[in-house]
Each structure stands twice: as structure tokens, then as C-alpha cells.
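Novice: This is the structure I want to talk about, given as C-alpha cells.
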Amino acid sequence: MAIPHNMSHMRNPNRQAAKRRAAQSENSDTILIYNSSNGATEKYAEWIAEALDCDVMKYSRAKLGYASMYKNIVFGSWIRGGEITRFNMLRANLSNFGIDNNNLIVFATGIIEPTDEYRTFVKGLNGCKHLPDDCFYMLPGKYNSKDCKSADKIALKAMGEKIFVPVRDDQVQNAKERFENGYDGIDEEAILPILEKVRGFREL
């Protein structure tokens, strides 16, 4: 399985999971699956995987079944108009993969401030209402149109003002300025609650 060159030092389930499980490594119970467009989610994935010494896989629809080999699943992606991109495929197949009872943690990156209202909106839109608050995280992301994939830029442009529909009126202008001028709010400390939650799962 190919992984990004700048994450080549991170663990890969296709090559190492079976060997590590066979050795009964205490860290073989967790996989991180991520989808990134401009590098924010990928950076958080790198930090989390290094801190937890867990397996990591860039999102691939054909390889989501690997998640069934793990007790703990961390899924990370970016928010587009309230949608956590690519998460719907994992959510729709939880039962098919036999992981509907596994520990699932979701984190989503974005540039819109995660107010209580916006957080509730995103959770509901993505079918995450059942997830406890300490298993659902919205992390500060970044946006620069030059770094965004062409397909994602086209999709964002097509959505137009719909991107801001769930945003409070007093926050719309701030969100628009971040889209127009660029924004980078990536913060390594934002992953600390995620690390704590996974470590708690490992102690159970």
C-alpha cells in the first residue's frame, strides 16, 4: 500500500498489522484512517499516529475493510459545507465490516469556528449524533486555494454561499475572510483529548 512520502515513517496496516498482532503488541489495536485535501488533516494524522504508535492508512474505499482488524478506529477528514468528507462510506459500512461495536473516534478539520450550534449541525449531518462528545472532535484546520486539490476547489466553488448556511450570522464574515485570504489554525495541542481518549480505550 502506498503512503505519502512525507509520512513514510508511519506505520502501515497492510505491511505490519499482522506481524504486530502476532507479536501481541499493545499498540496493534488502533488504526487511524485519514482523508486530507490541503495537508491539515494529514498533519494531525501524523502527530496522532506518532504519539500513539498506531497503524495509519490514507483513505481508500477499497481498503476500508482493514478497519475490522482493530479494536479502536480513529477517522479524520476535513469539513466541506458541514460534510465530513469520505466519512459516509465508513459510517454506512460499520455493520458490514463488523466494526459497529468497535471504539470509534472521529475528528474533522475546518476553518469555521466550532460553536455549539455548528458542532451540533455537523454531528447531525454526518450521522454522528450517537457518538459521545469525547469521541467527536472538530480541530482547527487551514485553507489556501493554492494548496487545495482541483476537484475540491471546484466543489467548494459550486457550493457558493451554501458553505455558510449553518454558520451564525455574526461569524459569516470571519469565515468568508478565511476563505478569501487563507487561514492556518493548525495546533498540535488540539490532538491531546484524542490521545487521552484512545489511551483510555486501551486500558479497558
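The values are calculated or read from the model by the stated rules, or taken from the named source; none is laboratory data. Note that the coordinates shown come from a computational prediction; the quantities given were computed from them, not determined experimentally. Note that each Cβ is placed from the backbone with ideal geometry, even for glycine, and that neighbours are counted across all protein chains shown. Side chains are part of the model used for accessible areas, which takes the heavy atoms of the whole protein and leaves out ligands, DNA and RNA. Shrake-Rupley method; radii C 1.70, N 1.55, O 1.52, S 1.80 Å.
Novice: Per residue, how large is the accessible surface of the chain? Use a 1.4 angstrom probe and give square angstrom.
Specialist: For the chain, the solvent-accessible area averages 50 Å² per residue.
Novice: Working with all protein chains in place, sort MET57, MET138, MET159 by solvent-accessible area computed with a 1.4 Å probe, largest first.
Specialist: The residues order as MET159, MET138, MET57, largest area first.
Novice: Round to a whole number: what % of the accessible area of the chain belongs to carbon and sulfur, probe 1.4 Å?
Specialist: The C+S portion of the solvent-accessible surface of the chain is 46 percent.
Novice: Report the extension gain between LYS176 and ARG80 in nm, rounded to one decimal, defined as 0.36 nm multiplied by the number of residues separating them, less their alpha carbon distance.
Specialist: 33.2 nm
Novice: Okay, helix-only estimate at 222 nm for the chain: each DSSP H run of n ≥ 4 adds -39500 (n - 2.57), divide by all residues, round to 500 deg cm²/dmol; what do you get?
Specialist: -11000 deg cm²/dmol
Novice: Could I get the Rg over Rh figure for region 83-204? Both from C-alpha atoms, Rh via Kirkwood, rounded to two places.
Specialist: Working: Rg = 15.9 Å, Rh = 16.1 Å.
With Rg and the Kirkwood Rh in hand, the quotient comes to 0.99.
Novice: Taking 30 Å as R0, compute the FRET efficiency from the Cβ-Cβ separation of GLU196 and ASN101 and round it to 0.05.
Specialist: E between GLU196 and ASN101, to the nearest 0.05, is 0.85.
Novice: May I pose another question? Packing-wise, with mean Cβ within 10 Å as the measure, how do 176-183, 103-110 rank, highest first?
Specialist: Highest-to-lowest ranking by the protection proxy: 103-110, 176-183.
Novice: Within 11 Å, Cβ to Cβ, of ILE84, how many net charges do the neighbouring residues add up to if Lys/Arg are +1 and Asp/Glu are -1?
Specialist: +3
Novice: Using a cut-off of 12 Å between beta-carbons, work out the net charge of the residues near LYS162 (Lys and Arg +1, Asp and Glu -1, LYS162 not included).
Specialist: Local charge sum for LYS162: 0.
Novice: Kindly work out what percent of the DSSP beta bridges joining two residues of region 56-157 are antiparallel, to the nearest 5.
Specialist: Restricted to region 56-157, the bridges split so that about 15 percent are antiparallel.
Novice: What accessible surface, in Å², does a 1.4 Å probe find on SER145, ignoring ligands, DNA and RNA and rounding to the nearest 10?
Specialist: 60
Novice: Using bins 10 angstrom wide from zero, how does P(r) for region 33-99 break down, in % of all Cα pairs?
Specialist: Distribution as computed: 20, 53, 26, 1 percent.
Novice: Over the alpha carbons of the chain, what is the largest minus smallest coordinate on each principal axis, giving the biggest first in Å?
Specialist: Principal axes ranked by extent give 53, 35, 31 Å for the Cα atoms.
Novice: Take the Cβ-Cβ distance between ASP53 and ASP116 as r, set R0 to 30 Å, and report the resulting FRET efficiency rounded to the nearest 0.05. Intermediate values should be presented prior to the final figure.
Specialist: Values: r = 34 Å, r/R0 = 1.12.
Approximately 0.35, to the nearest 0.05.
Novice: Additional query: Among SER37, LEU90, ILE73, whose Cα projects farthest towards the positive end of the dipole of the chain, with charges put on the beta-carbon of Lys, Arg (+1) and Asp, Glu (-1)?
Specialist: With unit charges placed on the Cβ atoms, the residue in question is LEU90.
Novice: To continue, here is another question. Would you list VAL198, VAL172 from the most to the least accessible area, probe 1.4 Å?
Specialist: Heavy-atom accessible area, descending, gives VAL172, VAL198.
Novice: Protein chains only, probe 1.4 Å: how do PHE201, PHE97 rank by accessible area, largest first?
Specialist: If we order PHE201, PHE97 from most to least accessible, we get PHE97, PHE201.
Novice: Assuming R0 = 45 Å, what is the FRET efficiency of LEU204 and MET159, from their Cβ-Cβ distance, to the nearest 0.05?
Specialist: Computed FRET efficiency for LEU204 and MET159 comes out at 0.65.
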